[in-house]
Structure formats: structure tokens, C-alpha cells
């Protein structure tokens, strides 16, 4: 893997100029050993993280949460409440850190921005015709600009899966480049929607494509299709960002999203990050969890560690 | 042909409708059988299973809950010999079966007796309805092994509560065998969860657990432990049922206290209009 990437080092920046070069490169990436990836991910999930290490992992995981609400039923009041929770996840305990970011639809960005201003909590907005991405490019770009103007400093875009699966890599590449430009200073997270990509090989190709085009983060899923983030998919993406940094020197973040509901799951992901890409990524700037119900479970486990008594969901806010 | 070797039974825990071993992997020996020694984490898992079962069980119709309790009685009837082989007397098995039937009959009657229309000084319909408390932790008495156990489980679940039962450390075999009866009685998984092992390991965890709504200390014989458990239970204002007196007669008419103490009354005021 690393060998291939290194040999391609010199011409990586040129790849986006032709469909053929892009295809040759992406299809030249080594295939993913499906059984191997699944076993490795499962094996890393068996590590036992206890006491002080667990407390540290829980606080880190809280700081990595992108507290998300992406519902048709979102109201200004609901997202304001969510943003308030992001600032002080556990009102009973001032030592509890704030979350990494709040993630909402573009229309809800202004309401969240009011609450988060100056707090250090990032404001992410999905854009580019989330979740399907099936809209003309100029509509997607307008969507992105609107979200940035309203105050979002992180944009979660979806790739054009239709084009990707049809093999039109250049089109996907150009869309990401254009969206990145529309983002301005805002960070761009590229959602691969791995549940629709069918194979780990495709996940690896899509990861490289997103990174080559300038994505600051690669994110597994929208949370709107049945198969969301899984440990093996995240492992493949972590390997991709590791190899990409080795090849280009640029570090890209990873965000698994959807289906991560318990502290146990979150800690398994942190173990995987540490073992695959190392401590450089164990930071909210480089690894995030896209989740909503995960936060309450983290808070309950945190309370268990500080009080010694098992907590109950009745004592934490409903999102 | 070699002589046949009998297959011995492993007595495991009963959590969420399944029979897992203790996560700690430990066991202890009672009447020449290996019995799981439940840990604090098994108690935690049992509460999660019990909580998950509350919605479906409390939401089931009273008639349906009653039918399921009758079904438990039927299944227990079919397994009489198993309990007798464990040393439970035939009279006690009969009494235990009758107790299921007695409580089953209460399922759709209790709300009528303990709820209803209240006369108030104003133009309102004022209605009270008893509702289940939620997750109840139960410490089962040591003797009588089967009748005592049934007499603490049935009144808690008939009204829609779910229970985590700490079986008596001295008499776990009847408890696990009763779990086999429950598992084959249409009772949804998680409504009854049974832990075997030392009370000092599991019960303090249950008493302190913030997601447990009531605790029944019937089987606690140590007064100091009972006091400690009550203190822990006070943290989230659990309903507490005090330990049973040593001379309690389990064969007598049980009365309705064990059911009513685990209920909460909801009262609704509704304007009468014209």
C-alpha cells in the first residue's frame, strides 16, 4: 500500500486533470482483504479499557462528538436546545468538556450560531443536497455558500454516488473541488455514504478521491441509509488517511457517523484510531463521531465513574 | 456398548429471556450442581434488559398479562416433578401454582378496586388509575424456595412492572428452574430476570442503581445490610418494601399489599362542560 502511494507521490497533484489518470490511479490502489479487515476490526474491539484510561477515553469521546440533528421536524427551539446541550453536556458537572461541534441543516444554522458564538464549539452544516446529493451542481454550491454565510465553519458534503458508481470519477472530483472552493475558510467534510458503495475497494477509492480533491475530513455516512458506520469501513478509511499522509504530507480527519450509540462502541473506535493511525489522530480536530444518542450514554458512563453508581436515562436531557 | 453418561444441567442466569453464564465466568456449588455466581455487571445487564421490557409489558392489556400469568401456572403444573426432585414438597408446588392463578385473576381487577372516579368539589371528571412503577429489584426469600419466589415475583409483574430478582444464595436451583418455566410461558423476555449468587455482590448495585424504581427487600435477613440498602435506595427515592418478618406465613392469603406498594396513582382532572 505505502509503496504504491509513495511511487505515485510526484504526480498526485496532476491526477485531477484527466479522467484516465484518476481512474488508473484509483483502480491501481491495492484491493482490500475483506475477511482480514473485518477480523482486524473485530479483534481491536476486544481490548479492555478500564478505570483512568476509560475516564480519559470518555472525555475525549465527548470532545469528539458532532452532536447531530438532521430531521425534517427540526425547529429553531429544538436546535437551540441542542446547541445549549453541546456547550454544557452535563449541567451537574462543570468538569465535563463541551462537544466538538453541532451538526444541523443549513436552514437551522443561524439559530445555532447565536448560541455557539465564541464558545469554541464548531458549527457544522450538511450541504450539497444532503442526503442524496442528487441535485445540479450550481444548486449544491449555492446550498454550501448559504450555510457558510449563515455561520457554519464546517461543511458536511455528500459525494455524487451516482457518478462514482458509474465510474465518472472526474465528475465526483470536480464537484468536491468546487464545493471546497465554495466553502472558503470553512472545513470540508466529505461524506462517502459507504453503505451505498457496496465494497471495501470502493470505500478505499472514494476515500482517496475525496482526499485528492481537497477534503479536510472523510466521513462514512449520512445516517439516512440502513447501513451506516461500521468498524471495518472505518478501518479502511483510517488506513487511507494514514497512507495519504505518508504520500503527500497532508493530514486528513475521519468521522464515522450513524449507528454509534454506546460508550463501548465509541471506545472501540478510539482503540482502532490509536492502533491504525496513531495518537496524531486522537484529537477532535482529526477524529469525530457523528452521533446524537451516543452523548447521553457517554454522560451516563461518566457519571458512573465519578459517583460509583449506575446512572439512568431519566436524569439526562432528551435531545 | 458403553454405559450411558447422564447429561448434567448447568444452572445459569436468566437475563432478557436468555440463559447466559455470569460475565465473570464464576460459579458456586449448591446441591452438587454448578450455579452461576452473578457479578455487579450481570446486575447492570439485568437492569438494562428489565428497562427495555417495561414499555411492552406495561403497555400490554391487563387481560393479556393475566393470560400470561395463567400460562405460567399451566407450565408449572407440567413441571411439578422437576421441582419435587429438587426437594420442594408437593404441597408447596401446588401452593405456588395456585398463587400464580390468584395473582393472574387480579390483573384486570386491581385497577377497578384501587382506581376509579373521585367525587370532587367542582365541575370535573376526576379519575384515578394505578400505573406500574417500572423496574423493581426483588430480593427473594430463602424459604419456602419456590412459593416464596413466586409470591414476590407474581405481584410485582402482574401490574406491569418488570423485575430483577436476586435469588436466595441458599436456594438458587428452584429459581433457575422457575426461569425455565417462565421462558416457555409467553412471558416477554426481560420482564423477569433472575440472578443467582451472593446478595452482597448484586443487591447493593441494584439498590443504588438510578434506573431502578423500587426495591423489595423481603429476602434480606441481615438488618444491617437492609439498612444500608435502604440508604442507597433513598438516593433516587425508590419505593422500598421492608424485609419480611421471620415468622411470615407464606401459605396464608397474601393480600394485595405486595401489588399496591409497587403502583403509582395517576389522577386526571377533566372539565365536565355542559
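The values are calculated or read from the model by the stated rules, or taken from the named source; none is laboratory data. Note that this is a predicted model, so its numbers are computed, not measured. Ideal geometry is used to build each Cβ from the backbone, glycine not excepted, and the neighbour counts take in all protein chains shown.
Below, the figures for the structure above:
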read-out	value
Which listed residue is crowded, with 18+ Cβ neighbours inside 10 Å and within 15 Å of residue B:173 (Cα to Cα), from B:37, B:110	B:37
From the options B:165, B:176, residue that is away from every other protein chain (no Cβ under 14 Å), touching a helix residue (DSSP H, G or I) at 6+ places or on another chain (Cβ under 7 Å) and farther than 21 Å from residue A:313 by Cα	B:165
Count - residues of region B:114-147 that are within 22 Å of residue B:60 (Cβ to Cβ) and over 25 Å from the mean Cα position of the chain (by Cα)	3
Residues of region B:45-63 that turn out to be within 14 Å of chain A (Cβ to nearest Cβ) and more than 29 Å from residue B:86 (Cα to Cα), as a count	5
Filter result (within 29 Å of residue A:284 (Cβ to Cβ), part of a helix (DSSP H, G or I) and at pLDDT 90 or above) within region A:3-38	A:37, A:38
Answer from B:225, B:241 - the residue that is more than 17 Å from the chain's Cα centre (by Cα), crowded, with 18+ Cβ neighbours inside 10 Å, under 23 Å from residue B:204 (Cα atoms) and away from chain A (no Cβ under 14 Å)	B:225
Filter result for the condition that a residue is surrounded by fewer than 23 Cβ atoms within 10 Å (Cβ to Cβ) and more than 25 Å from residue A:20 (Cβ to Cβ), over A:195, A:162, A:167	A:195
Residue match in region B:19-33 (condition: assigned to a helix (DSSP H, G or I), under 18 Å from the mean Cα position of the chain (by Cα) and within 21 Å of residue B:149 (Cβ to Cβ))	no
Any hit, region B:158-176, residues being in a loop (DSSP other than H, G, I, E, B), surrounded by fewer than 17 Cβ atoms within 10 Å (Cβ to Cβ) and at pLDDT below 95	yes
Considering residues of region B:204-220 that are closer than 16 Å to residue B:161 by Cα and not in a loop (DSSP other than H, G, I, E, B) only, the residue farthest from the other protein chains (Cβ to nearest Cβ)	B:216
Filter pass, residue A:248 being within 14 Å of chain B (Cβ to nearest Cβ), more than 19 Å from residue A:82 (Cα to Cα), in contact (Cβ under 8 Å) with a residue 24 or more places away in the chain and out of contact with any strand residue (DSSP E or B) (no Cβ under 7 Å at 6 or more places or on another chain)	no
Test: residue in region B:130-141 that is in contact with a helix residue (DSSP H, G or I) (Cβ under 9 Å, 6 or more places away or on another chain), in a helix (DSSP H, G or I), in contact (Cβ under 8 Å) with a residue 40 or more places away in the chain and more than 30 Å from residue B:272 (Cα to Cα)	no
Among (1) crowded, with 18+ Cβ neighbours inside 10 Å; (2) within 23 Å of residue A:21 (Cβ to Cβ); (3) more than 17 Å from the chain's Cα centre (by Cα) - the single one residue A:182 does not satisfy	(2)
Residue check for residue A:215: surrounded by 19 or more Cβ atoms within 10 Å (Cβ to Cβ), closer than 27 Å to residue A:23 by Cβ and either more than 14 Å from chain B (Cβ to nearest Cβ) or in contact (Cβ under 8 Å) with a residue 60 or more places away in the chain (or both)	yes
Among residues of region B:243-271, those that are under 25 Å from residue B:113 (Cβ atoms), assigned to a loop (DSSP other than H, G, I, E, B) and touching a strand residue (DSSP E or B) at 6+ places or on another chain (Cβ under 9 Å), counted	2
Residues (in contact with a helix residue (DSSP H, G or I) (Cβ under 6 Å, 6 or more places away or on another chain), part of a loop (DSSP other than H, G, I, E, B) and surrounded by 18 or more Cβ atoms within 10 Å (Cβ to Cβ)) located in region A:44-88	A:69
Members of region A:291-312 found to be within 18 Å of residue A:85 (Cβ to Cβ) and either away from chain B (no Cβ under 14 Å) or exposed (fewer than 15 other Cβ atoms within 10 Å of the Cβ) (or both), listed by number	A:291, A:292, A:293, A:294, A:295, A:298
Yes/no for residue A:134 being surrounded by fewer than 24 Cβ atoms within 10 Å (Cβ to Cβ), in contact (Cβ under 8 Å) with a residue 60 or more places away in the chain and not in a strand (DSSP E or B)	no
Residue within region A:219-226 that is at pLDDT 95 or above and assigned to a strand (DSSP E or B) present	yes
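Quick grid of which residues meet (1) farther than 18 Å from residue B:197 by Cβ; (2) away from chain A (no Cβ under 14 Å); (3) touching a residue at least 12 places away in the same chain (Cβ under 8 Å); (4) surrounded by fewer than 20 Cβ atoms within 10 Å (Cβ to Cβ):
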residue	(1), (2), (3), (4)
B:1	yes, yes, no, yes
B:24	no, no, yes, yes
B:31	no, yes, yes, yes
B:43	no, no, yes, no
B:80	yes, yes, yes, yes
B:97	yes, yes, yes, no
